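Here the structure comes first, spelled out in structure tokens, and everything after it is commentary.
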Amino acid sequence: MNWADALGWNDCMVRLLIHVEGETEETFVNEILAPHLCRRGYSKVSARLVGNARQRDRRGGIRAWNAVSKDIVNHLKEDPTCLATTMVDYYALPQSGGRAWPGREAAGAMPFEQKAAAVESALLADICRELGNRFDTRRFIPFVIMHEFEGLLFSDCQSFSRGIGRPDLAVEFQAIRDQFPLGPEEINDSPETAPSKRVKKLVEGYEKPLLGSLAVLEIGLEAIRTECPHFNAWLTHLEDWLR
């Protein structure tokens, strides 16, 4: 019996809301993930920008967790037939103070292989505390991108370079990718060497909402799944939910 049956739902009733932090991720969900997951049985898959990202000051970064968690909790309460997940950059998450996301500060000192799981476990625990013992924990599936969305673009460096209209940069992109034996998700997260910082050094005027969207549409889902095991595990979890 699949989880939807266990909860007394029909497959056609299961909806998925993906909380994303920017317009590039929103495009990725709506153009690539939603059609794929709807073919797997979801009735609707939609992106929701956390903290109204279109209007927030770009310098302010991602919204504080206490505000984002309220959005997630409210949605789960209002629609008992939905699932919720996140798709946010590990690199961008506030680490301390009133805006901190659970688990992010502690994860900073952990080996790469443990970072995402530490944050995701902490996010799930926090949502479960807010919703109480009767909440079915299977309805919230937290996911953080390691280390940020641009890292996924290094899954196929030739397609990445074509997608942004700079095929001459394929070799440079591949040289960056080749430094990380565990895959594009390992590309590190310091202010100088985060994936987006590396791209901006090579692409003057790089604008993530436009060029990032064009790149990911060119790269496609299968290349990202092949090269990014953490991303693939999340997507596989979503696919398997209805089985």
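Surrounded by fewer than 24 Cβ atoms within 10 Å (Cβ to Cβ) and among the aromatic types (Phe, Trp, Tyr) - does that describe any residue in segment 92-109? Within segment 92-109, not a single residue is surrounded by fewer than 24 Cβ atoms within 10 Å (Cβ to Cβ) and among the aromatic types (Phe, Trp, Tyr). Could you go through segment 65-73 and let me know if any residue there is among the β-branched types (Val, Ile, Thr), in contact with an Asp or Glu (Cβ under 7 Å, 6 or more places away or on another chain) and not in a helix (DSSP H, G or I). Taking every residue of segment 65-73 in turn, none turns out to be among the β-branched types (Val, Ile, Thr), in contact with an Asp or Glu (Cβ under 7 Å, 6 or more places away or on another chain) and not in a helix (DSSP H, G or I). Could we say that VAL144 is of a type outside the set (Lys, Arg), within 23 Å of ALA109 (Cβ to Cβ) and at pLDDT 95 or above here? Taking the combined requirement at face value, the residue satisfies it.
Taking the numbered list (1) surrounded by fewer than 19 Cβ atoms within 10 Å (Cβ to Cβ); (2) touching a helix residue (DSSP H, G or I) at 6+ places or on another chain (Cβ under 7 Å); (3) in contact (Cβ under 8 Å) with a residue 60 or more places away in the chain in turn, ASN232 passes all entries but (3).
In the set (1) crowded, with 21+ Cβ neighbours inside 10 Å; (2) part of a loop (DSSP other than H, G, I, E, B); (3) of a type in the set (Gly, Ala, Ser), the condition left unmet by ALA215 is number (2).
Applying the criterion of being polar (S, T, N, Q) and part of a helix (DSSP H, G or I) to the residues of segment 143-202, the residue that is most open to solvent (accessible area, probe 1.4 Å) is GLN158. In this structure, THR137 does not qualify as over 23 Å from PHE231 (Cα atoms) and surrounded by fewer than 17 Cβ atoms within 10 Å (Cβ to Cβ). Checked against the criterion of being open to solvent by 60 Å² or more (accessible area, probe 1.4 Å) and in contact with a Leu (Cβ under 7 Å, 6 or more places away or on another chain), segment 114-124 contains not a single residue that satisfies it. Residues in segment 163-202 that are under 19 Å from GLU25 (Cβ atoms) and of a type in the set (Val, Ile, Thr): ILE164, ILE187, VAL199. The set of residues in segment 204-230 that are over 14 Å from CYS157 (Cα atoms) and of a type in the set (S, T, N, Q) contains only SER213. When each of GLU186, GLU239, GLU204, GLU222 is tested for being closer than 27 Å to PRO94 by Cβ and not aliphatic (A, V, I, L, M), the lone residue that passes is GLU186. Within segment 74-102, the set of residues being over 21 Å from the mean Cα position of the chain (by Cα) and among the charged types (D, E, K, R) comprises LYS77, GLU78, ASP79.
The values are calculated or read from the model by the stated rules, or taken from the named source; none is laboratory data. In this text the structure is predicted, and so the values were computed from the model without any measurement. When we count neighbours, we look across all protein chains shown, and the Cβ atoms used for this are built from the backbone with ideal geometry, even at glycine. Ligands, DNA and RNA are stripped out before the accessible areas are found, and what is left, the full protein with its side chains, is counted by its heavy atoms. Shrake-Rupley method; radii C 1.70, N 1.55, O 1.52, S 1.80 Å.
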